[in-house]
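Novice: Questions regarding the structure given below will be posed in turn.
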Amino acid sequence: MSYVIDTSVIVPASLTGRWPRSLARFALAAPTLLWSEAASALKQLEWRGEIDADQAERAVSWLQKAGVESHDSRELILSAWQVAKALGWAKTYDAEYIVLAQGLSVPLLTFDARLQRAAGHLVEIRGPTEA
């Protein structure tokens, strides 16, 4: 089985340096947007003092070998635009994950409760512990 994952899933994994057991056996995919979002989230955690520079650098290094299949965001933006429009969103970031999950016919894994509520009717959405 495969899943699309978002930043809310990969950032905690990067901080521990491993996937949770519940995800380790699955093929994981994401739009290329994931890498910028994850690096930005880690930098923000460091900037706020929630993690130190060494933790941040280890997490970013782990991202580079996380084994997530990247799908070109350029291929997703038109459909993501339409999803964001339909949901009344000002941004298309989360819509890219939805569109990719739809296109691959796989569930989307996220810790983002807002995303789960807003888009659960468009694609199957699970929390990482439900994988």
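Rule-based calculations on the coordinates, nothing more; no lab input. Model, not experiment: these values are computed from the prediction. With ideal geometry, Cβ positions are generated from the backbone for all residues, glycine too; neighbour counts draw on all protein chains shown.
Novice: Does region 67-129 come out rounded, prolate or oblate by the C-alpha gyration tensor, with a ≥ b ≥ c the root eigenvalues, rounded set by a/c under 1.5 and, if not, prolate when a/b is larger than b/c and oblate if not?
Specialist: oblate
Novice: What are the ³J(HN,Hα) couplings of region 45-62, residue after residue, when phi is run through the Karplus curve with 6.51, -1.76, 1.60 and θ = phi - 60°? Round to Hz, x for glycine and proline.
Specialist: After applying 6.51 cos²θ - 1.76 cosθ + 1.60, I find 4, 5, 4, 6, x, 7, 9, 8, 4, 5, 4, 4, 5, 5, 5, 5, 4, 4 Hz.
Novice: While we're looking at this one, here's another question. Would you mind checking which residues have amide H under 5 Å from residue 71's amide H? H placed 1.01 Å from N; only 5 or more apart, or other chain.
Specialist: 30, 32
Novice: Still on this structure, please answer the following. In terms of modelled amide H atoms, which long-range or inter-chain residues lie less than 5 Å from the amide H of residue 109?
Specialist: Those qualifying (amide H under 5 Å, at least 5 residues apart or on another chain) are 4, 5, 6, 126.
Novice: For the chain, what is the calculated [θ] at 222 nm in deg cm²/dmol (nearest 500), taking -39500 (n - 2.57) for each run of four or more DSSP H residues and dividing by its residue count?
Specialist: Helix contribution divided over all residues of the chain: -16000 deg cm²/dmol.
Novice: Here's another thing I want to ask about it. So what is the relative contact order for the chain, in percent, with contacts set as C-alpha pairs under 8 Å and at least six apart?
Specialist: Over the chain, the number comes to 32 percent.
Novice: Which one, 32, 16, 110, has the greatest fluctuation when you compute a Gaussian network model over the chain with C-alpha springs under 10 angstrom?
Specialist: Maximum fluctuation in the GNM of the chain, among the listed residues, is at 16.
Novice: Which is farthest toward the positive dipole end of region 45-131 among 110, 45, 89, measuring Cα position about the Cα centre, with Cβ charges +1 (Lys, Arg) and -1 (Asp, Glu)?
Specialist: Value: 89.
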